[in-house]
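**Student:** Have a look at this one before I ask anything.
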Amino acid sequence: MLIQLNSQQAKLKDELHEYFKGLLTPELKAELNNPEHFEGGGPEFKKAMLTMGKDGWIGLSWKKEFGGKELSPIEQYIFVETVMRTGFPFPFLTTESVGPMIAEYGSDWAKEEIATKILQGKLIFGIGYSEPNSGTDLASLQTKAIKEKDGYIINGQKMWTSLANFSDYIWLAARTDFEVKNHKGISMFIVPTNDPGFSLTAINTLGDVRTNATFYENIKVPDSHLVGEINQGWSLITSQLNLERLALVNHGPVEELYRNVLELAQNTKISNDQFLTDLSWVKQNFAQIHSGIEALKLICWKQTWIMESDQLNMAEASVAKVYGSEFFIEAYRLLMEIMGELSILKNDSELKILNARLERMYRTASILTFGGGTNEVQRDIIAMAGLFMPRSR
Amino acid sequence: MDFSELSHQQEIRESLNKIFSEKCSPEKLKNFDNEFKHDEKLYDFLASNGYLGLGINEKLSGSGEDLYDLGILFECFGFHAAPLCLTGCLVDVAQTLQKFSKNENHQSIVSSIAQGEIYTSAILEPLNHDPENPTTTAVFDGEKIIINGTKYLSEISSLAKGILISASSNKGVILALVKTDNVKLTQLTSTANSPLFKVELKNVSIVESDVVHEEGRGLEALKYLLQINMVMRSYIALGVTNKMTSLIASYTSEREQFGRVIGTFQAVSHRAADCFIELECLRLVNQQASTNLNTSLDCENDALVSKIWAGNACHKISYSAQHLHGGAGVDRDYVLWRYCLLAKECELINGSASQNIERLGLNITANQ
């Protein structure tokens, strides 16, 4: 048993840290501070993606035969951690989830045209899973793809299609068989957003993160846009969601914020001879967060270590999701208490950088407890797979 | 990074579980519920099979210094609520002497501990929340050192050959061994019926060779003792809470109400799932603290985090277990009650969660 990063992994962390310091130019930072570009999609963001493609920092988890680096899960975790600490809205879902699946299961066209361009930083995908009536019960989705000669006709509506407003394609789950059990009749498609049958309306959220409702009206795609076997889409969705969950609860961003608030509090005088950190309840808040982050870090590290040996532990993956998402909410609250009423300000000149971030983070935190597999379902899984209890009803 | 147990560690876990299952059955535990809770036969059995040498150097009759090995012993001990007291002897005395004393007599004490000799510690003091500053005093008087003070929560002291105590002196904090014959012992009655003692030291005279560390390293040694004690207590807590969680799972999977097993109610299964999450966190922070202590003598924050999680897990899981069991949980003919009492002991001895949160906060905010 040894619970530390090895020297190579520590080196990778430093290397990435330096790289992103260079990548985040003042112009890019300014663009990312604009609510319209919080999630990327602006010209500076696109430039940065191309640079990263050229420098080989996309496709880390991809197999070497597809042009990737085939990094181990722990190295990928370090990558996600470091990127998230910088605040750069790296499109993980495109590059690390959808990309490798297209590279592996896509048609010849998809492999050449799509996978290659993802590696070059030229393409962004939105994820089309949820629908107005299919959220937690995703397998009940009703968007349909009907087989025609040479292709499929797609009709339906998706919800929460983030990034769709600047995506090139949607990674779309559609029903291709209506006779079988829900999850057995789903297939995955690559749907171009420049098709005239594609449209969207914005959904503006509590956390200023823009997402979209997307509409698919008689969109015809050729057979080459089907990924994997027909009616075998469910396994692609679930394996993608497993990866996504771990990335969602990465301990990097919350630890970065904790360190920043700590540094600020250590330097904030509240009287002639007292700093903010001299208050006992402030110390206690920091200690609560510290002990929470340690547990989160270890849960995530253990998950990556499990993934490295290709084992799957459903209960522990769900522990990571539930614990991480609920801890974030608690941690942001404790940090905001430390900064007090200042932390509700968005543009205080002195504390702008930090507080604007804290103010925004707390507003986005709630999506993680229900997004990526709601915590009730995760707790059901823990009780069944971890404690061998009967299925609840 | 490696979260796996080595094959010898898996073997230790398996054999200990086997031994404890056999020797700590509910019927056997009953014998100690109202008696002096220390199973001497079991203790000797563990000694003669090498389990008291876990975490002790091979040269000192042990099986190697890996503290994770020792953690397994404490986890299994907690899981089976074994009627033993191991912390004072195997952790406080053996580990501190092994790491800090250059004295050959002390090294042979460590070796004798691995073979079943009992020593204990007396570190904590009534209402002193800062064990790094003992109220017990040591005065250097020529060749002699005179100790005065009162200690409590000292384990199985009446069976111990010697007691490791902490005291403040004009040369700083010292840790020294005193002979049990030279102190006054009073047995205390405590919540989990553990054989704990008050130790009164009145003008107890020792010599410098009884001090178990080099001059000037007393505080370092005491800090180490307190840290490793926290971590090993957290391993007991892990075993205790693990057992309580598995009792929740099995009980709620069988108990029927309204025509169905109660584990199928989400309110029940989700409370059980929360115990599982708490348990996972505790396991991981313990593993981190014990493996880091393998390579460093000072891992205070890791140890504090461990004990904070232990304190919280003991409290939360104990009450969840009692609640989800209904009346069975408090019935002394069922097994849960012993774990609930042990949990309270683990939670509070050597730093409660709130106390340790305060300390951790102090450490974090002080480090610029």
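The values are calculated or read from the model by the stated rules, or taken from the named source; none is laboratory data. Note that the structure is predicted; figures quoted are calculated from it, not measured. Using ideal geometry, Cβ is built from the backbone for each residue, glycine included, and neighbour counts are taken over all protein chains shown.
**Student:** Can you report the number of residues in the range A:268-303 which are facing chain B (nearest Cβ under 9 Å) and not in a helix (DSSP H, G or I)?
**Tutor:** Counting residues in the range A:268-303 that are facing chain B (nearest Cβ under 9 Å) and not in a helix (DSSP H, G or I) gives 1.
**Student:** Next up: So residue A:324 passes all but one of these: (1) in contact (Cβ under 8 Å) with a residue 60 or more places away in the chain; (2) at the interface with another protein chain (Cβ under 7 Å from one of its Cβ atoms); (3) buried (at least 20 other Cβ atoms within 10 Å of the Cβ); (4) not charged (D, E, K, R). Which condition number does it fail?
**Tutor:** Every listed condition holds for residue A:324 apart from (2).
**Student:** Give me a count of the residues in the range A:10-49 that are farther than 19 Å from residue A:82 by Cα and in a helix (DSSP H, G or I).
**Tutor:** Final tally of qualifying residues: 10.
**Student:** Determine whether residue B:190 is in a helix (DSSP H, G or I), touching a residue at least 12 places away in the same chain (Cβ under 8 Å) and out of contact with any His (no Cβ under 7 Å at 6 or more places or on another chain).
**Tutor:** For residue B:190, the condition - in a helix (DSSP H, G or I), touching a residue at least 12 places away in the same chain (Cβ under 8 Å) and out of contact with any His (no Cβ under 7 Å at 6 or more places or on another chain) - is not met.
**Student:** Could you grab the pairs with beta carbons closer than 7 Å, sequence gap of 6+ or different chains, first residue in the range B:104-127 and within 12 Å of residue B:161 (Cα to Cα) and in a helix (DSSP H, G or I), second one modelled with pLDDT of 95 or more and of a type outside the set (S, T, N, Q)?
**Tutor:** What qualifies is B:109/B:97; B:109/B:119; B:113/B:52; B:113/B:89; B:113/B:90; B:113/B:93; B:113/B:94; B:113/B:119.
**Student:** Another question about this same structure. Please tell me if residue A:4 is over 21 Å from the mean Cα position of the chain (by Cα), within 14 Å of another protein chain (Cβ to nearest Cβ), assigned to a helix (DSSP H, G or I) and without any contact (Cβ under 8 Å) to a residue 24 or more places away in the chain.
**Tutor:** So residue A:4 does not fit the description; no.
**Student:** Any residue that is within 12 Å of chain A (Cβ to nearest Cβ), buried (at least 18 other Cβ atoms within 10 Å of the Cβ) and touching a residue at least 12 places away in the same chain (Cβ under 8 Å) - is there at least one of those in the range B:330-337?
**Tutor:** no
**Student:** Next question, about the same structure. Of the residues in the range B:1-32, how many are surrounded by 17 or more Cβ atoms within 10 Å (Cβ to Cβ) and more than 14 Å from chain A (Cβ to nearest Cβ)?
**Tutor:** Looking only at that region, the number is 7.
**Student:** Could you tell me whether the range B:258-279 includes any residue that is closer than 25 Å to residue A:320 by Cβ, touching a residue at least 60 places away in the same chain (Cβ under 8 Å) and not hydroxyl-bearing (Ser, Thr, Tyr)?
**Tutor:** No, the range B:258-279 has no match at all.
**Student:** Restricting to the range B:107-154, count the residues that are farther than 19 Å from residue B:223 by Cα and either in contact with a strand residue (DSSP E or B) (Cβ under 8 Å, 6 or more places away or on another chain) or at pLDDT below 95 (or both).
**Tutor:** Number of matching residues: 14.
**Student:** Then there's this: Here are the criteria: (1) under 22 Å from the mean Cα position of the chain (by Cα); (2) within 11 Å of chain A (Cβ to nearest Cβ); (3) farther than 19 Å from residue B:313 by Cβ; (4) not basic (Lys, Arg). Tell me which single one residue B:280 does not satisfy.
**Tutor:** Every condition holds for residue B:280 apart from (3).
**Student:** Continuing with this model, one more query. Quick check: is even one residue across the range A:251-258 more than 30 Å from residue A:92 (Cα to Cα) and of a type in the set (Gly, Ala, Ser)?
**Tutor:** Among the residues of the range A:251-258, not one is more than 30 Å from residue A:92 (Cα to Cα) and of a type in the set (Gly, Ala, Ser), which makes the answer no.
Matching residues to (1) within 30 Å of residue B:172 (Cβ to Cβ); (2) of a type outside the set (Phe, Trp, Tyr); (3) more than 7 Å from every other protein chain (Cβ to nearest Cβ):
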position: B:215; (1), (2), (3): yes, yes, yes
position: B:221; (1), (2), (3): yes, yes, yes
position: B:239; (1), (2), (3): no, yes, yes
position: B:253; (1), (2), (3): no, yes, no
position: B:259; (1), (2), (3): no, yes, yes
position: B:272; (1), (2), (3): no, yes, no
position: B:275; (1), (2), (3): no, yes, yes
position: B:289; (1), (2), (3): yes, yes, yes
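**Student:** Of the residues A:219, A:306, which single one is more than 10 Å from chain B (Cβ to nearest Cβ) and either over 17 Å from the mean Cα position of the chain (by Cα) or under 17 Å from residue A:338 (Cα atoms) (or both)?
**Tutor:** Going through A:219, A:306 in turn, just one is more than 10 Å from chain B (Cβ to nearest Cβ) and either over 17 Å from the mean Cα position of the chain (by Cα) or under 17 Å from residue A:338 (Cα atoms) (or both): A:219.
**Student:** Another question about this same structure. Considering only the range B:247-304, state which residues are aromatic (Phe, Trp, Tyr) and either under 16 Å from residue A:385 (Cβ atoms) or in a helix (DSSP H, G or I) (or both).
**Tutor:** Result: B:251, B:276.
**Student:** Residue under question is residue B:318, and the condition is that it be more than 9 Å from chain A (Cβ to nearest Cβ), of a type in the set (S, T, N, Q) and part of a helix (DSSP H, G or I); does it hold?
**Tutor:** Here the answer is yes, as residue B:318 does meet what is asked.
**Student:** While we're looking at this one, here's another question. Of (1) hydroxyl-bearing (Ser, Thr, Tyr); (2) touching a residue at least 24 places away in the same chain (Cβ under 8 Å); (3) within 14 Å of chain A (Cβ to nearest Cβ), residue B:43 satisfies all except one. Which?
**Tutor:** (3)
**Student:** In the range A:100-164, which strands (runs of 3 or more DSSP E) lie fully inside it and hold 3 or more residues that are within 18 Å of the chain's Cα centre (by Cα) and surrounded by fewer than 19 Cβ atoms within 10 Å (Cβ to Cβ)?
**Tutor:** The strands (runs of 3 or more DSSP E) meeting that bar number zero.
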